[in-house]
Every structure is written in C-alpha cells, then in structure tokens.
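*Asks:* Structure incoming, see below.
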Amino acid sequence: MDTSRSHLNFHLVTPERKYRAEAERQIAEAGCRTRKDSVRVVEALVTASRSFFKGKSKAEVRAYFQHALDFIQAHQNPKTILSAVVHMDEKTPHMHLSFVPLTEDGRLSAKDIVGNKKKLTWWQDEFWSHMVRKYPELERGESASQTGREHIPPQLYKQMTRLLKQRRKIQEIIESITPLNARAKSKELCVLLDRYLPAVTKMRSELDTYRRGFDDLRTENAGLKEANAALTEQGRESVLRQMQVLQMERDYAQAVEILDRIPQEVLEQYAPEQPAERRKHNERE
C-alpha cells in the first residue's frame, strides 16, 4: 500500500454508520430471524488488470467503477448496499463493496444471492456482459467449471476469518492499554500471540501456494497466445479466481500490519515464554 496516495481513495456509496449496526437495523426492519452464524454482510471486490487502468485519469477510473456499481444496484436492492469504496493507493485500483444479503422477498440469505456455484457463475457471466458493452477492451477468463481450475477452498476462507477476528481482538487490547493496566493487558496479548503468530505463518504459506498456481496459469496463458492466437480464450485465468486471490492478499496484509503496532515491551515479554524451537522458527519468519 502506498499511503502517499490514500487521499485519492473515494466512496461511491458512503456508509452512514458502522456496517454491523446498519446491517442489524436493516435485518430487524425486514423482520428476519437470525442465527449466530448468519451472514449479515457480504463483501465483493471489483477490479480489472493493471494494464487496463494504465493511463486512465481518476475521472475515467471513477466512471469504470460507477458502471460496475450500476450493475450491482440493478440486481441487488441499492438500499442494502452499505459501502462502495475505491482504493487508489495500491498497485491496481479496486472497489470494495459491502451489502446486506437481503433477498427480494425480504429474507436474509447470502446463500441464495452468492452462496452457490450456479449463482456465482451467473454473477460472473452477467457482470462481464454488462461491463464489456462499455469497455470492449476487457477480457475475461473461463469459469472454473470450464477450465477445471479450483477456486480457493472454503476452509482457507474460514482460516482467514478466524485470523481477522483474532486481529480485531489484538487491536482492541492494544487500544485499551494504559499505564495502570499495561502489565495485565500484556499478559492477555501474549496469550493471543501464541495462537496468532503461528496462524499468520500458516496463512502466508497457504497463500503462496495459490499465488504460485495463479502465476503459473498466467504463464500458461502467455504460451498459448504465442502458439496460436485463436487459443487465447482457452488459457485465461478465471476473473473470479483473481478477485479471490487479491482479496485474500489484502486480508493477510491487514493481519500482518497489526503486529507492527504491538508495543516492543510486550513482544519482549512474549518471547521468553515460547519453547525454544518455536522461538527459532518465529525468528526465521
């Protein structure tokens, strides 16, 4: 992330309040029953290749994402959309869009909207058709069902969800530290770090595996183009796969970023409590 460009970020839909609070308000207003594991907010990532954005002005980039937002608002009640923010401070411009998964008949069901293979394929196909009418230079990859390529497994998303929950807890503790409670809070942080640091290391390894697979697919695509221009469509990476990898990479970066905010004295207190082999492993990482 290039923080010197953060001022260039902009909202197409500005959140009126915290996501969870607004989601709960909408769900209650719709009269929906919820369970502990009910999905209350869905986040989508909209992007394109870096080469597509090269040379485009901020106004042109804004128009691209507005066109994408128009499609989503046409198929999901605009009132359920909590936020649509475009990030210009990373290598490739992209939009994070969050919405409450309320169906047309007023049910809370992320599964009905995006939670199955058929629906995801529909969203991908229809979104590309909508975008390519205005931006014919856009190219899309084949779906995983055609290429036989697997998307990131659900288990990895669950691991990332747990990691981000731990991150939020660590952040809460750091922000609550005062001179009077520093010792007690440091001990609490140490307990969390004992689970968090190995989880971060494991997640990096998992993401590297999928990043390598994604890069191999792009290399394979380049070879096909050289061999026969007519085969270019057969080797392109899945647009959905690319979006998944980018989102996971961003989530991981946030998970690592919190480590820089942990007071040095806490890290020093934590280190001696670790077994020698784990301490050596963490030092290498």
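*Asks:* Being out of contact with any strand residue (DSSP E or B) (no Cβ under 7 Å at 6 or more places or on another chain), in a loop (DSSP other than H, G, I, E, B) and of a type outside the set (Asp, Glu) is the requirement here; does Arg25 meet it? Even if it seems obvious, please write down each step before you answer.
*Replies:* Numbers: out of contact with any strand residue (DSSP E or B) (no Cβ under 7 Å at 6 or more places or on another chain): yes; in a loop (DSSP other than H, G, I, E, B): no; of a type outside the set (Asp, Glu): yes.
Criteria not met by Arg25.
*Asks:* Then there is this: Determine whether region 9-19 contains at least one residue that is open to solvent by 50 Å² or more (accessible area, probe 1.4 Å), at pLDDT 90 or above and in a helix (DSSP H, G or I).
*Replies:* no
Residues are listed down the side, and each one gets a yes or a no for (1) out of contact with any helix residue (DSSP H, G or I) (no Cβ under 6 Å at 6 or more places or on another chain); (2) without any contact (Cβ under 8 Å) to a residue 60 or more places away in the chain; (3) hydroxyl-bearing (Ser, Thr, Tyr):
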residue	(1), (2), (3)
Arg5	yes, no, no
Ala30	yes, no, no
Ser51	yes, yes, yes
Ile72	yes, yes, no
Leu82	no, no, no
His87	yes, no, no
His96	yes, yes, no
Gly106	no, no, no
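*Asks:* Please go through (1) farther than 30 Å from Asp105 by Cα; (2) touching a strand residue (DSSP E or B) at 6+ places or on another chain (Cβ under 8 Å) for Leu69 and return the number of the only condition it doesn't satisfy.
*Replies:* (1)
*Asks:* Open to solvent by 40 Å² or more (accessible area, probe 1.4 Å) and at pLDDT below 70: is that true of Ala184 in this structure?
*Replies:* Working: open to solvent by 40 Å² or more (accessible area, probe 1.4 Å): yes; at pLDDT below 70: no.
In short, no.
*Asks:* A further question follows. Of the numbered conditions (1) closer than 30 Å to Lys56 by Cα; (2) at pLDDT below 85; (3) surrounded by 12 or more Cβ atoms within 10 Å (Cβ to Cβ), Met203 fails exactly one; give the number of that condition.
*Replies:* (1)
The values are calculated or read from the model by the stated rules, or taken from the named source; none is laboratory data. This structure is a prediction, so every number in the text was calculated from the model and none was measured. Because the Cβ atoms are built from the backbone with ideal geometry, glycine has one as well, and the counts that use them run over all protein chains shown. Just the protein is used for accessible areas: all its heavy atoms, side chains included, with ligands, DNA and RNA removed. Shrake-Rupley method; radii C 1.70, N 1.55, O 1.52, S 1.80 Å.
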